[in-house]
Each structure stands twice: as structure tokens, then as C-alpha cells.
Amino acid sequence: MEIKKILIIRNGAIGDVVHTSGLFRAIKKAYPQIDIDYATSYVTAQLLKDDRDLNEVFVFEDYTYKYFWSLVPIIKSKNYDLIINLQPQLKFNLLCSMTGVKTVKYKKDFTKHAVENFFDTAKKIFPEMQLSDELELTNYENHKLFLMQKCKELALRKNVVFNMSATPQRQGRKWKVDYFKELALRLINEYDCNIILTGSVEDKELTSQLVNLHDNIYDYAGKYTLSENAAIYSMCDLFISGDTGPLHIASACKNPICIGMYGSMPISRTGVWGNNHYSISASDKMNCVPCNRRICKLKNAQYNPCMDALKPEVIFNLISDEHMLG
């Protein structure tokens, strides 16, 4: 059967959706005649709307069985030849089954990087596609001119983005505020750069602890959407973060260089994808790294020993040794 139109479903975290871009870009490059639709959450749809390789982006408005049942005739009316279901939960599998559309299902494999895992889900269906060494988002380009005018400080000097937030469900992804403070001042003193703080409104409690340290520190947390933040990242030189969605967004922009700090999560699974990025962990200092646990068995506290072991001097020395800021 000739495949002319497909639907991709992924409703997970921000980083997961960014990681699926390797799959749909590969399909579109190898089979440009195929129309690709994508179904996801409201938040992650911001990253995919108006993407050059996607035909339509649909938002799940609810997650009840009643709502999913109402989606069946809508999906049928789209005349899809294939559904690539990258969401492994039972509810999504039932939805695909009820449509009667041929479906390939994602199965999580921790021996593979997430980007490869998503890609391999459909490789047998699309044997000619090839996985790129780089991820790419496209719709942030629409916001760059507006943000260049709005954020004039970005043109003054080199820019380093700090993403200080991390999901509360994962202790081993969060770096100490005091570490961010120390690194910010060292970078400013050495390179006379800007420190750009990004995040959601909920992150203001974190970013407010840095913003008054120096005139070169700017707090953008809560001011911009996900796609606008992506545009900001693309105008910066360096991005530093734990293993979170914004890190993976930044890795899919043309700039910046990304440094991902990893505690409990294995770099082999969610390390920063791309040739010019760096993923570092304290695996040489702690034999339990990575454990992939949500809650540390050694210390049930706000910060994990594995993230504490990544001292600011480690990050600073990496930046210096690799000449990331000139």
C-alpha cells in the first residue's frame, strides 16, 4: 500500500517531543510526497505549529476515554494510511485500534538513545530514511525579529543562557542555585558576557536569586512562550542546564552550544543530541551514576549528591578548555 498521509502521536514531555523531530524530518526528507500530521499536548504544540515538515498539528484537549472516543470519527475522516503511535500508554493504543488505521507502536528501549528509539519505531516502514546527526526546530525563526527588537541587550556581548528549572519528579536533574551564582560571576568576570535566565513563571523564585548579582544578568523567566524562548536560545552562544525540556529545545536550534548536566539520568538515553554539544555527569566520582531513579536512595532532599558532585569549576573549565566563548 502506498503511504500518502500519516499521523504521529506523542504527548509526552517537551524533550520527548523534540526528540521525535528526528523521525518526522527523516520521513519527510526521504519521502517528500507524504503529508505528516502530529497530535500532541497544548504546551508542546507551540514547538511544532507552522513547522515546515508538518501538515497539521492537533492538540489533545482532554484525556478522558469519552474524549478519545469522540476523536475516532475525526481521525477516520482524515484518511490516514498510517499512524505512528509514540505514546505507549493503553489509552492511546486503544484510540489507534478503534480508528482501524494501520499503526506502528513505540516501545521504550533503554539501550538506545531516545532519538534513535523513536526513529527505529518506523524504520521498517520507511527503510530509505536516515537519521540526522542534528535535531532541528523551525518555527522559532518567526519570532527572531520581534525578539531582536525586544531584547536589545543580546546584541551587546556574548550570551550564556542558564536554565535553572527541573521537573520536581526528578531530583537528579537539578543544580544548586549557589552553583549557578558562582558560575555566573566567573563567566562574567572572565568573558564579560551576559547571563540570560529563562524559564516559566514558576521559575521566578529561582531566577530572582541571581538577577541582582550583576548588571550583566537578565531575567526572562515567564516572559516568553516556548517557541519565543527557542528564538532567544538561537541568538545566544551557550546554554547550560540540567536534563530538561529547554535543554533539548536549545539543542535543536542553530545556536547555541549546549552543556547538559546529568545526575541520575543516563547520558546514553537522553544526552544532548548533536555534534557540537556536551553532556557531562559525575559518573567518574560516584559509582551509582546513572541510577535512573526518580528519588535518590542516598539522600531524599531537594538536590542529589550526583548533581552536587558537578562543581561550577567543572563547567567553567569545560567552557574555557573548549574555547566556547572565544
request  = Using the Karplus curve 6.51 cos²θ - 1.76 cosθ + 1.60 with θ = phi - 60°, work out ³J(HN,Hα) for each residue of region 208-220 in order, rounded to whole Hz, and write x for Gly and Pro.
outcome  = 5, 7, 10, 4, 8, 6, 7, 5, 8, 9, 10, 9, 9
note = Cα-Cα longer than 25 Å, checked against K29/K49; K91/K174; K5/K112; K49/K223; K108/K176; K28/K107, kept in input order, equals K91/K174; K5/K112; K108/K176
Pair-distance profile P(r), taking every C-alpha pair of region 1-101, with 5 angstrom steps and integer % = 2, 12, 25, 27, 20, 11, 2, 0
key: Coarse-grained scattering of region 209-326 at q = 0.14, 0.17, 0.23 Å⁻¹, given as base-10 log I(q)/I(0) from a Debye sum over alpha-carbon atoms   = -0.67, -0.97, -1.38
request  = Could you work out the local net charge near T99, counting Lys and Arg as +1, Asp and Glu as -1, over the other residues with Cβ closer than 15 Å to its Cβ?
outcome  = +4
Most fluctuating residue given options T64, T103, T121, as computed from a GNM of the chain linking Cα atoms under 10 Å = T64
task = Could you list K108, K297 in order of exposure, starting from the residue whose Cβ has the fewest other Cβ atoms within 10 Å?
result = K297, K108
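In square nanometres, what is one fourth of the surface area of the convex hull spanned by the alpha carbons of region 56-155? Let's see the in-between values first.
Details: hull surface 40.3 nm².
Directional mean of the projected Cα hull area for region 56-155 stands at 10.1 nm².
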inquiry  = Under 10 Å, Cα contacts only: if you run a Gaussian network model on the chain, which one of I14, I315, I83 comes out with the highest mean-square fluctuation?
reply    = I315
key: Sequence ranges 140-148, 273-281, ranked by mean other-Cβ count within 10 angstrom, highest first   = 273-281, 140-148
task = Report the calculated FRET efficiency for E61 and K5 (r = Cβ-Cβ distance, R0 = 22 Å), to the nearest 0.05.
result = 0.50
ask   = Most exposed first by the Cβ proxy, i.e. fewest other Cβ within 10 Å, how do Y220, Y233 rank?
value = Y220, Y233
ask   = Just one of (1) 59, 40, 35; (2) 94, 40, 33; (3) 62, 48, 38 is Cα extents along the principal axes in Å calculated from these coordinates, so which is it?
value = (3)
ask   = Most mobile of P305, P88, P127 per a Gaussian network model of the chain (Cα springs, under 10 Å)?
value = P127
request  = Please work out how much length the chain gains when fully extended from Y42 to D81, using 0.36 nm per residue of separation minus the C-alpha to C-alpha distance, in nm with one decimal.
outcome  = 11.6 nm
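Tell me what the chain gives for mean residue ellipticity at 222 nm when only DSSP H runs of n ≥ 4 count, each as -39,500 (n - 2.57), the sum divided by the residue total, rounded to 500 deg cm²/dmol.
Details: 13 runs with 115 residues, N = 326.
Calculated from helices alone, the mean residue ellipticity at 222 nm is -10000 deg cm²/dmol.
All of the numbers you see were taken from the coordinates with simple rules; none came from a lab. The model shown is predicted, which means the values in this text are computed figures rather than measured ones. Every residue, glycine as well, gets a Cβ built from its backbone with ideal geometry; the counts of neighbours run over all protein chains shown.
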